[in-house]
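Undergrad: After the structure tokens below, expect a handful of questions from me.
The values are calculated or read from the model by the stated rules, or taken from the named source; none is laboratory data. Here the structure is a predicted model, which means the values were calculated and not measured. Note that we place each Cβ from the backbone using ideal geometry, even for glycine, and neighbour counts take in every protein chain shown.
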Amino acid sequence: MKTFMQLVELTAKNITEIMPWDLEEKLNSDKPPMLVDIREPYEYEAMHIKDSLMVPRGILETACEFNFEETIPMLAEARKKEIIVICRSGNRSVMAAATMQELGYSQVASLKTGLRGWNDYEQPLTNNNNQIVDIEEADSYFKNVLRPEQER
């Protein structure tokens, strides 16, 4: 049996991960990548990278394929485009990038460190109203807060 983090580490060996400064450079290029934020809707609404596409991890596979209620045509047609998968800390995005590779996406990568690292690198995040989120507010949002029953 593996823990979640062991599974992430094992899976990360088979995908590409990029750092926040690499993503910044790509976003400022003539041909920026598609950003796929796989967090839950409430997380995305709180803050996200501008112009990222929200595709919750729970529907990723069907969002990537035609003929499903969850199909997102621009994503289903993007198998040859550069895609950066984003989550909170860079763990869920590793798993999602591996899944997308299995589905035939040839230029998919995961944002290592996730939005936490993006915020630590002092890059902008926007909320659901398209307003810039204050860095300190984002710091607070990204802190781990575990309830006692969640710890061992």
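Residues checked against (1) of a type in the set (D, E, K, R); (2) crowded, with 16+ Cβ neighbours inside 10 Å; (3) farther than 19 Å from Lys50 by Cβ:
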{"residue": "Ile72", "(1), (2), (3)": "no, yes, no"}
{"residue": "Cys87", "(1), (2), (3)": "no, yes, no"}
{"residue": "Ser106", "(1), (2), (3)": "no, no, yes"}
{"residue": "Glu149", "(1), (2), (3)": "yes, no, yes"}
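Undergrad: OK, next. Within the set of pairs 6+ apart or on separate chains, which have a first residue in region 57-68 that is charged (D, E, K, R), a second that is part of a helix (DSSP H, G or I), and C-beta atoms under 7 Å apart?
TA: Arg57/Arg92; Arg57/Ala96; Glu61/Thr99; Glu65/Ala76
Undergrad: Can you confirm whether Gly90 is closer than 22 Å to Ala12 by Cα, within 13 Å of the chain's Cα centre (by Cα), in contact (Cβ under 8 Å) with a residue 40 or more places away in the chain and in a loop (DSSP other than H, G, I, E, B)? Steps first, please.
TA: Working: closer than 22 Å to Ala12 by Cα: yes; within 13 Å of the chain's Cα centre (by Cα): yes; in contact (Cβ under 8 Å) with a residue 40 or more places away in the chain: yes; in a loop (DSSP other than H, G, I, E, B): yes.
Taking the combined requirement at face value, the residue satisfies it.
Undergrad: Report whether or not Leu53 is out of contact with any Cys (no Cβ under 9 Å at 6 or more places or on another chain) and closer than 23 Å to Glu9 by Cα.
TA: no
Undergrad: Does region 29-42 contain at least one residue that is in a helix (DSSP H, G or I), surrounded by 12 or more Cβ atoms within 10 Å (Cβ to Cβ) and at pLDDT 95 or above?
TA: No - not one qualifying residue is present in region 29-42.
Undergrad: Looking only at residues that are under 13 Å from the mean Cα position of the chain (by Cα) and closer than 22 Å to Gly58 by Cβ in region 108-147, which one is surrounded by the fewest Cβ atoms within 10 Å (Cβ to Cβ)?
TA: Top of the filtered list is Arg116.
Undergrad: Report, by residue number, each residue of region 2-24 that is without any contact (Cβ under 8 Å) to a residue 12 or more places away in the chain, surrounded by 12 or more Cβ atoms within 10 Å (Cβ to Cβ) and either of a type in the set (D, E, K, R) or touching a His at 6+ places or on another chain (Cβ under 8 Å) (or both).
TA: Those that are without any contact (Cβ under 8 Å) to a residue 12 or more places away in the chain, surrounded by 12 or more Cβ atoms within 10 Å (Cβ to Cβ) and either of a type in the set (D, E, K, R) or touching a His at 6+ places or on another chain (Cβ under 8 Å) (or both): Glu9, Asp22.
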